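One structure is given here, and the rest of the page talks about it.
The values are calculated or read from the model by the stated rules, or taken from the named source; none is laboratory data. Bear in mind that the values here come from a model prediction, so they are computed numbers and not experimental data. Heads up, the Cβs are rebuilt from the backbone with ideal geometry, glycines too, and the neighbour counts pull from every protein chain shown.
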């Protein structure tokens, strides 16, 4: 097995069970203070085993499934997979902690200092056996090294020096030349556990029976990443004509409102057999950019009045669409001056076609209460989903929607010429459906690929939008009759989260399982033989391995999540048997500023390639224009590119490459009055097809290569040596 593959398996085995997100942070007293990132898992314990999730994992059916996987893995020729499986089975049951201690620029790239700790207890011998087997089978070059008073093993890997060993029953694995020495010298009194900044970040999330926890010092982590860019050629690579990548990253992060996030901490605690997750994002008010979506007004019972008591799920939020639209323009302007004007120009074109003002007629008349609901009484999970938005002025909003509908009808009308008769039109049409005093409008289409009929209606200062008109009717007629918000069970769960949320999410997990259990039974029965083939099992998985519905339901509870904000930051919390909602928010918001540092260079490359492709298309257009000109002028080539514009074979904009970012000025006649990004070569009527017709200025690509149009119409990319050889064969004058 290759060294890289073996090391990857070793690292994955150890890290895969570490979540990214007890008032005691597991093993924090063994980690150095000032760590940039910490994540800890408390392992299997009595509170966890007593929780709904822990009991579900102890169901015999779950054991059967894992047993089947183990049986399959044991039959594999690659025994490293079996060792990795055994390691995973040991590790998840014990306390684990991971720490990104430091990140610094180095001569050969970033120098990472990180540590992984696993308190193995009585499982040390079994764990060591499988780790040793992985190292032996991988034929790694292992060296012995003294770290303080301990003898450790070191492995030189593609990611740097890896050191592993045992301190008592605790396994440690470190990355970085001096990390192991620093880790083993940590004293509990001066550890991460006693770090004041670490304690401050965790103050609002820590509590009893913590099962898993994390903390990020985003200010220092961002500083470390910034230093990496500084090391890379004085601030990082530059896009042509643009600022260094680091400056562009910071500009984007600040424009999105994420630059004010200084850190985040989270913890999942076991409370009454359920899992209560709480995350604190530290970002001082005022909250701008994307954070505006999470910091609107408080959601009250009145906002949830239309959510029926059989709701399978809903998501309610408070925010002003008009204010956020203005914020989007501000973000665009901050990222790129003038970008807001481009957005407004695009909006103006749409407004001209529709005959309305998006901001004045639509957004200004929408309220700040938005509720997306899915319920059995509305049509079932998924299909019975409706979006309800509060309305400030129903008359004005209705008039604007009517103008949009009229513009749509005008565009889809088919007028037949005299003497010609069209077949019945199959174009989409807007239909009206009446149910009592309620008038629902919907889009009728004969396209089988679109088996929906988007519908909308305004009723009692609320806008209803659904995928079918029947769902809108059901939502209006059922609205307020049996609201979920009045239920005792709902109120009991709701009291576990913020009383003044700006966003509220509810998922009735048991109801979803009931809705799909029939499909699960059919799928399990039909797929049993396929599963046995995929796993290489000698016998089929038994039908009774799938638990009966009551045995699954008793371990599940509705999931509740809430977002709230204050002057110091944003809190995201959830309660249920499967705490997933809060950590999605956290992962997105806390990693966005860091991820941007790595995404912007990728975007630069993507934009560069896209610009190169568009420029090649310009050359292709020039080639076709030359061919048409020659066809009209006895096979004579045009004297220059301006002639092609003058004769209206190409627009003036085709003479400018998107890579250069320039704009082509024009004279009073609309002809190009500036320098083109393309060099044109005049050839005789019988020129060879492999000669150059035109090429893009190589300076647009840093003189590393360019796009070339050949006489035969082909467009190719060539490097500079090849271009020079080709130009040597082109003796006619260039234009």
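Go through segment 188-221 and give me each residue that's in contact with a strand residue (DSSP E or B) (Cβ under 8 Å, 6 or more places away or on another chain), in a loop (DSSP other than H, G, I, E, B) and closer than 23 Å to residue 103 by Cα.
Within segment 188-221, 217 is the sole residue that qualifies.
Among the strands (runs of 3 or more DSSP E) confined wholly to segment 429-518, which include 3 or more residues that are surrounded by 12 or more Cβ atoms within 10 Å (Cβ to Cβ) and assigned by TED's automatic domain parsing to the domain that holds residue 406?
Ranges flagged: 429-435, 438-444, 455-458, 462-466.
Can you name the residue in segment 140-153 that is in contact with a strand residue (DSSP E or B) (Cβ under 6 Å, 6 or more places away or on another chain) and closer than 20 Å to residue 80 by Cα and is also modelled with the highest pLDDT among such residues?
Looking at the filtered set, the residue picked out is 153.
To keep it simple, each residue is scored yes or no on (1) over 30 Å from residue 474 (Cβ atoms); (2) surrounded by fewer than 15 Cβ atoms within 10 Å (Cβ to Cβ).
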site	(1), (2)
267	yes, no
286	yes, yes
310	no, no
313	no, no
320	no, no
340	yes, no
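With 410, 396 as the choices, which residue is at pLDDT below 90 and assigned to a helix (DSSP H, G or I)?
After ruling out the rest, the residue left standing is 410.
Any chance you could count how many residues in segment 480-495 are within 11 Å of residue 309 (Cβ to Cβ) and in contact with a helix residue (DSSP H, G or I) (Cβ under 9 Å, 6 or more places away or on another chain)?
6
For (1) at pLDDT 85 or above; (2) closer than 19 Å to residue 45 by Cα; (3) not assigned by TED's automatic domain parsing to the domain that holds residue 45, each residue gets a yes or a no:
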| site | (1), (2), (3) |
| --- | --- |
| 71 | no, no, no |
| 77 | no, no, no |
| 99 | yes, no, no |
| 103 | yes, no, no |
| 110 | no, no, no |
| 117 | yes, yes, no |
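So if I check each of 422, 381, which one is part of a loop (DSSP other than H, G, I, E, B), within 36 Å of the chain's Cα centre (by Cα) and at pLDDT below 85?
When all the criteria are applied, what remains is 381.
Considering (1) in contact with a strand residue (DSSP E or B) (Cβ under 8 Å, 6 or more places away or on another chain); (2) at pLDDT below 95, say which one residue 38 fails and leave the rest.
Among (1) in contact with a strand residue (DSSP E or B) (Cβ under 8 Å, 6 or more places away or on another chain); (2) at pLDDT below 95, residue 38 violates only (2).
Here's the yes/no breakdown for (1) closer than 30 Å to residue 559 by Cα; (2) touching a helix residue (DSSP H, G or I) at 6+ places or on another chain (Cβ under 7 Å); (3) surrounded by 13 or more Cβ atoms within 10 Å (Cβ to Cβ):
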position	(1), (2), (3)
65	yes, yes, yes
82	no, yes, yes
100	no, no, yes
107	no, no, no
111	no, no, yes
117	no, yes, yes
130	no, yes, yes
144	no, no, no
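Quick check on residue 61: is it modelled with pLDDT under 80, touching a helix residue (DSSP H, G or I) at 6+ places or on another chain (Cβ under 7 Å), surrounded by 14 or more Cβ atoms within 10 Å (Cβ to Cβ) and farther than 26 Å from residue 129 by Cβ?
Considered against the rule, which asks whether it is modelled with pLDDT under 80, touching a helix residue (DSSP H, G or I) at 6+ places or on another chain (Cβ under 7 Å), surrounded by 14 or more Cβ atoms within 10 Å (Cβ to Cβ) and farther than 26 Å from residue 129 by Cβ, residue 61 comes out as yes.
Can you confirm whether segment 630-639 contains a residue that is at pLDDT 85 or above and under 45 Å from the mean Cα position of the chain (by Cα)?
no
Output the residues belonging to segment 645-674 that are within 44 Å of the chain's Cα centre (by Cα) and exposed (fewer than 13 other Cβ atoms within 10 Å of the Cβ).
Of everything in segment 645-674, those that are within 44 Å of the chain's Cα centre (by Cα) and exposed (fewer than 13 other Cβ atoms within 10 Å of the Cβ) turn out to be 663, 665.
Quick one: would you say residue 638 is touching a helix residue (DSSP H, G or I) at 6+ places or on another chain (Cβ under 7 Å), surrounded by fewer than 20 Cβ atoms within 10 Å (Cβ to Cβ) and within 26 Å of residue 723 (Cβ to Cβ)?
It is false that residue 638 is touching a helix residue (DSSP H, G or I) at 6+ places or on another chain (Cβ under 7 Å), surrounded by fewer than 20 Cβ atoms within 10 Å (Cβ to Cβ) and within 26 Å of residue 723 (Cβ to Cβ).
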